[in-house]
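S.K.: One structure is given below, represented as C-alpha cells, and several questions about it will come after.
The values are calculated or read from the model by the stated rules, or taken from the named source; none is laboratory data. Every value quoted in this text rests on a predicted model; they were computed, and no experiment measured them. Every residue, glycine as well, gets a Cβ built from its backbone with ideal geometry; the counts of neighbours run over all protein chains shown. Calculation scope for accessible area: heavy atoms of the full protein, side chains included, ligands and nucleic acids excluded. Shrake-Rupley method; radii C 1.70, N 1.55, O 1.52, S 1.80 Å.
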Amino acid sequence: QVHLVESGGGLVAPGGSLRLSCAASGDKLDDLIIGWFRQAPGKDREGVSCISMNEEDGSPWYHNSVKGRFIISADNAKKTVYLQMNSLVPEDTALYYCATDTTLRDPRLVAGFCVKPGYNSWGRGTQVTVSS
C-alpha cells in the first residue's frame, strides 16, 4: 500500500554534495520507518541511513562509512525523507533506493531495520555517480 519514489541522483565530482528525496504515498504512513540503501556493482546491499517519521523521535541511524558526511531528515507534512550527502567520494557510487517495512512503527526499531531490513516496499532507485 506504500509507494516510494526516489529522486535527486546524478553525477557529481568528488567532494561535492547531493540531496536525495524519498517521497512516500499511500495509506497508514504515520511513524513509518524509512531507510536509504545502496547497491554497487559487485557489492552487497548496504544500509546507509534510516529514520522514523515520528516527529518527536526520528532515531536516525547511519552506517559508519557515512557518519559525519550524510544527514538524514524527515518531513512528515510532505511525507518525504531526505538524504543530504556531503563530501562525496567515488566509493559512494551506487544505486540508492529507499525502503520501508510497513509493520514497523516504533522509532526504537530504526537501527535494527537499517542493519537487517525486512522491508516490504521500496522504490526503483536513483543512481549516484561520484566521478571527476
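S.K.: Against the conditions (1) open to solvent by 50 Å² or more (accessible area, probe 1.4 Å); (2) assigned to a helix (DSSP H, G or I), where does A111 fall short? Just the number, please.
M.R.: (1)
S.K.: If we scan the range 34-53, do we find a residue that is β-branched (V, I, T), touching a Leu at 6+ places or on another chain (Cβ under 9 Å), open to solvent by less than 50 Å² (accessible area, probe 1.4 Å) and more than 17 Å from G8 (Cβ to Cβ)?
M.R.: Within the range 34-53, not a single residue is β-branched (V, I, T), touching a Leu at 6+ places or on another chain (Cβ under 9 Å), open to solvent by less than 50 Å² (accessible area, probe 1.4 Å) and more than 17 Å from G8 (Cβ to Cβ).
S.K.: Can you run down the residue pairs with Cβ atoms below 6 Å, 6 or more apart or on separate chains, where the first is in the range 66-78 and within 15 Å of W36 (Cα to Cα) and the partner is among the small types (G, A, S) and in a strand (DSSP E or B)?
M.R.: F70/S49; I72/S49
Yes/no per residue for (1) modelled with pLDDT of 95 or more; (2) within 22 Å of D101 (Cβ to Cβ); (3) of a type in the set (A, V, I, L, M); (4) in a strand (DSSP E or B):
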site: P14; (1), (2), (3), (4): yes, no, no, no
site: C22; (1), (2), (3), (4): yes, yes, no, yes
site: D27; (1), (2), (3), (4): no, yes, no, no
site: W36; (1), (2), (3), (4): yes, yes, no, yes
site: G42; (1), (2), (3), (4): no, no, no, no
site: V48; (1), (2), (3), (4): yes, yes, yes, yes
site: S65; (1), (2), (3), (4): yes, no, no, no
site: A74; (1), (2), (3), (4): yes, yes, yes, yes
site: V81; (1), (2), (3), (4): yes, yes, yes, yes
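S.K.: Evaluate the following for D31: is it among the acidic types (D, E), open to solvent by less than 60 Å² (accessible area, probe 1.4 Å), part of a loop (DSSP other than H, G, I, E, B) and touching a residue at least 24 places away in the same chain (Cβ under 8 Å)?
M.R.: Against the criterion (among the acidic types (D, E), open to solvent by less than 60 Å² (accessible area, probe 1.4 Å), part of a loop (DSSP other than H, G, I, E, B) and touching a residue at least 24 places away in the same chain (Cβ under 8 Å)), D31 qualifies.
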